[in-house]
Amino acid sequence: MMKFLSKVGDYAKDAVQAAKYIAQGMAVTFDHMQRRPITVRYPYEKLIPSERFRGRIHFEFDKCISCEVCVRVCPINLPVVDWEYNAEIKKKELKSYSIDFGVCIFCGNCVEYCPTNCLSMTEEYDLSTFDRHELNFDNVALGRLPTKVTDDPMVTPLRELAYLPKGVMEPHAVDHTERRAGKLPVEIIESAQEQSES
Amino acid sequence: MEKIAENRTIIQYLPYVTRWDYLATMFTEAITVNAPEKLADVPVPRRASYIRMIMLELSRIASHLLWLGTFIADIGAQTPFFYVFREREMIYDLFEAATGMRMMHNYFRIGGVAADLPYGWLDKCEDYCHYQLEKVDEYEKLITNNPIFRKRVEGVGKITREEAINWGLSGPMLRASGVKWDLRKVDHYELYDELDWELQWATEGDCLARYFVRVREMRESCKMVLQAIKQIPGGSYENLEAQRVLGGPKSEWNSIDYQFISKKPSPTFKVPNGEHYVRVEAPKGELGVYLIGENSVFPWRWKIRPPGFINLQVLPQLVRGMKIADIMAILGSVDIIMGEVDR
């Protein structure tokens with residue numbers, strides 16, 4: 001009889017403990033009722049891609065010297081550089097240049113190693129098409145610039161964490177024009193000079 | 001992946017490696033540059049090493065966070081999954097600002113990193129670490145003492161100290177079985193010795209112990225990042241630039257220790273003659289590369305030792321005599337990524 005009673009006692013104790021810990025956990029869950037949602041409602045709100053964001057590649061035809069470094073550093077030798085040697089000016093003449101963005105992985109090696117900076121990364125990331133051949137951009141398509149998120153009146157631009165002011169953890173809390181964390185080097189120089197003067 | 005490496009230069013191969021372990025991407029890049037770096041004796045500036053450490057530890061937090069989410073989701077609790085994604089997103093925002101992409105960074109280079117940190121990045125990184133420390137407490141409150149969770153993981157998937165060593169396990173799997181083995185302490189790579197941190201371990205060897213080791217490692221990593229932010233030579237990039245302007249062309253701030261890369265690797269960087277094995281402590285365990293070079297632009301052999309693959313081998317023994325439902329808990333606690341198991 002005592003054994004049974006102690007069993008009941010243990011069981012009740014366990015149940016109370018379990019209820020306590022579950023309540024503790026639920027407190028965390030219910031605490032979220034007073035927090036703002038962190039999701040971005042995509043077509044209406046968009047994140048501003050970071051400054052170093054590696055989106056579709058932009059190409060300037062006139063700057064290119066057809067050196068083909070972009071082809072050599074590309075993991076799959078993707079850029080197609082079509083050039084012809086012009087004996088009169090003793091230079092390579094670029095005829096056409098194309099990158100197939102259906103195959104490109106946007107690693108940015110070509111941009112990093114391009115000696116004349118004729119390649120650059122844009123912030124364009126929505127490249128979907130109905131036909132994959134449309135993703136093969138020639139030098140004309142590569143020269144187009146994407147629209148900016150901040151210029152679109154239909155869209156509320158939001159910044160990513162690294163561009164928010166100090167202490168702000170989510171983009172909804174502040175306007176995107178508010179100053180981001182960190183000083184400018186100019187300001188650090190000014191304050192250092194003021195200190196040395198005084 | 002190993003065969004692809006044999007006809008790519010290191011620079012060409014770097015964008016590939018983030019696909020081995022796509023949740024701890026910085027570690028795969030670190031080992032890919034460390035291997036030829038050590039073989040060719042390329043120096044790494046102290047600042048670059050600090051940037052690397054910050055990135056690696058953030059990546060470790062991201063990996064453990066996602067592990068936590070999926071592990072708990074496997075056991076049956078969906079809520080923490082969304083919480084960890086919220087925090088992981090912040091790490092990826094930081095990565096995107098510094099490297100240009102959220103997961104496929106292509107940031108590490110032979111002799112340093114691809115670019116210095118953006119303006120204000122260290123400030124936000126510090127913000128994040130304080131925030132994350134708070135959040136880890138919150139997860140613990142939610143999960144650790146939950147009776148259902150405890151019943152599912154306590155004493156399940158036990159592995160003893162000897163077994164763990166004999167199976168060649170590494171990382172939290174090994175540390176949860178009572179072996180104090182962390183390559184950051186053992187190999188002294190990068191500048192981990194300059195940070196004050198403790199190795200996290202447990203002795204029970206069951207799923208719960210592995211959970212504890214990983215959660216504590218998250219806290220430890222946050223603290224390491226905070227220390228690295230304070231100690232980084234030159235401080236934030238904006239400060240470094242200002243000091244360079246103030247100091248003029250011959251200032252000490254232009255010396256090698258304050259650079260983010262020692263020398264930009266040329267597209268024809270040659271892997272020198274010789275062979276060696278290099279390893280780092282990835283969140284899942286020991287990630288190593290056995291590299292054989294023959295003084296050509298391509299490595300002759302590039303053997304990857306992925307932690308996930310070797311940790312997975314112990315699974316048949318762990319599940320013997322267990323219930324079907326326990327398989328999810330055990331497999332979850334092993335923390336495998338199929339990308340590196342079948343690399």
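Some observations on this one:
- Sole exception among (1) out of contact with any Ser or Thr (no Cβ under 7 Å at 6 or more places or on another chain); (2) more than 9 Å from chain B (Cβ to nearest Cβ) for A:GLU45, by number: (1)
- Test: B:MET26 is closer than 19 Å to B:GLU220 by Cα, without any contact (Cβ under 8 Å) to a residue 60 or more places away in the chain and hydrophobic (A, V, I, L, M, F, W, C): no
- Any hit, the range B:54-70, residues being farther than 23 Å from B:TRP20 by Cβ and modelled with pLDDT of 90 or more: no
- In the range B:63-79, the residues that are crowded, with 22+ Cβ neighbours inside 10 Å and within 13 Å of chain A (Cβ to nearest Cβ): B:ILE72
- Residue check for A:LYS92: open to solvent by 60 Å² or more (accessible area, probe 1.4 Å) and outside any strand (DSSP E or B): no
- If you go through the range B:124-183 and keep only what is over 29 Å from B:ALA325 (Cα atoms) and hydrophobic (A, V, I, L, M, F, W, C), you end up with B:CYS125, B:CYS129, B:LEU133, B:TRP181, B:LEU183.
- Scan the range B:126-148 for residues that are in a helix (DSSP H, G or I) and open to solvent by less than 50 Å² (accessible area, probe 1.4 Å) and the total you get is 14.
- Number of positions in the range B:218-234 that are more than 11 Å from B:MET53 (Cα to Cα) and open to solvent by less than 20 Å² (accessible area, probe 1.4 Å): 4
- Among residues of the range B:116-155, those that are within 7 Å of chain A (Cβ to nearest Cβ) and without any contact (Cβ under 8 Å) to a residue 24 or more places away in the chain, counted: 4
- Leading residue by the ranking (nearest to the other protein chains (Cβ to nearest Cβ)) among those in the range A:137-160 that are among the polar types (S, T, N, Q) and surrounded by fewer than 15 Cβ atoms within 10 Å (Cβ to Cβ): A:THR150
- Looking across the range A:104-136, not a single residue is more than 14 Å from chain B (Cβ to nearest Cβ), among the hydroxyl-bearing types (Ser, Thr, Tyr) and in a strand (DSSP E or B).
- Residue in the range A:145-152 that is within 30 Å of B:PRO267 (Cβ to Cβ) and in contact (Cβ under 8 Å) with a residue 24 or more places away in the chain present: yes
- Selection status of A:GLU45, surrounded by fewer than 16 Cβ atoms within 10 Å (Cβ to Cβ), without any contact (Cβ under 8 Å) to a residue 24 or more places away in the chain and in contact with a strand residue (DSSP E or B) (Cβ under 6 Å, 6 or more places away or on another chain): no
- Whether a residue is exposed (fewer than 11 other Cβ atoms within 10 Å of the Cβ) and either outside any loop (DSSP other than H, G, I, E, B) or among the charged types (D, E, K, R) (or both) was assessed, and A:ALA12 passes this test.
- Close pairs from the range B:225-240: first within 8 Å of chain A (Cβ to nearest Cβ), partner among the aliphatic types (A, V, I, L, M), Cβ under 8 Å, at least 6 apart: B:SER236/B:LEU117; B:SER236/B:LEU122; B:GLU238/A:LEU184; B:GLU238/A:ILE188; B:ASN239/A:ILE188
- Among the criteria (1) more than 28 Å from the chain's Cα centre (by Cα); (2) buried (at least 18 other Cβ atoms within 10 Å of the Cβ), the one B:ARG279 does not fulfil is (1).
- The lone criterion from (1) in a loop (DSSP other than H, G, I, E, B); (2) more than 14 Å from chain B (Cβ to nearest Cβ); (3) free of Cβ contacts under 8 Å to residues at least 24 places away in the same chain left unmet by A:VAL81 is number (1).
- The listed residue being in contact with a Phe, Trp or Tyr (Cβ under 7 Å, 6 or more places away or on another chain) and touching a residue at least 40 places away in the same chain (Cβ under 8 Å), out of B:VAL278, B:VAL314: B:VAL314
- Selection of the range A:165-198 for residues being of a type outside the set (S, T, N, Q), more than 7 Å from every other protein chain (Cβ to nearest Cβ) and without any contact (Cβ under 8 Å) to a residue 60 or more places away in the chain yields A:PRO165, A:VAL168, A:VAL174, A:ASP175, A:GLU178, A:ARG179, A:VAL186, A:GLU187, A:GLU190, A:GLU194, A:GLU197.
- Tally of residues being open to solvent by 70 Å² or more (accessible area, probe 1.4 Å), in a loop (DSSP other than H, G, I, E, B) and either in contact (Cβ under 8 Å) with a residue 40 or more places away in the chain or of a type in the set (Lys, Arg) (or both) across the range A:53-78: 2
- Positions within the range B:1-46 being touching a helix residue (DSSP H, G or I) at 6+ places or on another chain (Cβ under 7 Å), in a helix (DSSP H, G or I), crowded, with 24+ Cβ neighbours inside 10 Å and away from chain A (no Cβ under 14 Å), in sequence order: B:MET26, B:PHE27, B:ALA30, B:PRO36
The values are calculated or read from the model by the stated rules, or taken from the named source; none is laboratory data. Keep in mind it's a predicted model, so treat the numbers as computed, not measured. Quick reminder, even Gly has a Cβ in these numbers, built from the backbone with ideal geometry, and neighbours come from all protein chains shown. What goes into the accessible areas is simple: the full protein's heavy atoms, side chains included, and nothing from ligands, DNA or RNA. Shrake-Rupley method; radii C 1.70, N 1.55, O 1.52, S 1.80 Å.
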